[in-house]
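Just below is one structure, and these are the notes that go with it.
The values are calculated or read from the model by the stated rules, or taken from the named source; none is laboratory data. All values derive from a computational prediction rather than experimental measurement. FYI the Cβ positions are ideal-geometry reconstructions off the backbone, even for glycines, and counts take in every protein chain you see. Heads up: the accessible areas ignore ligands, DNA and RNA and are worked out on the full protein's heavy atoms, side chains in. Shrake-Rupley method; radii C 1.70, N 1.55, O 1.52, S 1.80 Å.
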Amino acid sequence: MIAARLFPASLPAQQGSLCGNGELPSAADIDGLAWHFLGVLQAAMNLPQAGASGLVLRRVIDFGMSAWPLK
């Protein structure tokens, strides 16, 4: 579980907090979200080296954030 490796001590409390307070749906795939956003972060770090403009970087981040589940 990638989220557990990135945030081992806080994951159970965070998952309960995020899903319990309505920030995320109770059925949210926390591990899947962690992998997704790690991938978006990796891409965002490499885009400037590939010549992407700030506008392109913002669009990639906007598209990446569109995966965040709604309540």
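For the reader, a short list of remarks on this structure follows.
- For segment 2-17, the condition of being among the basic types (Lys, Arg) and either at pLDDT 70 or above or surrounded by 11 or more Cβ atoms within 10 Å (Cβ to Cβ) (or both) holds for none of the residues.
- Scanning segment 48-71 for residues that are open to solvent by less than 50 Å² (accessible area, probe 1.4 Å) and touching a Pro at 6+ places or on another chain (Cβ under 9 Å) yields 54, 57, 69.
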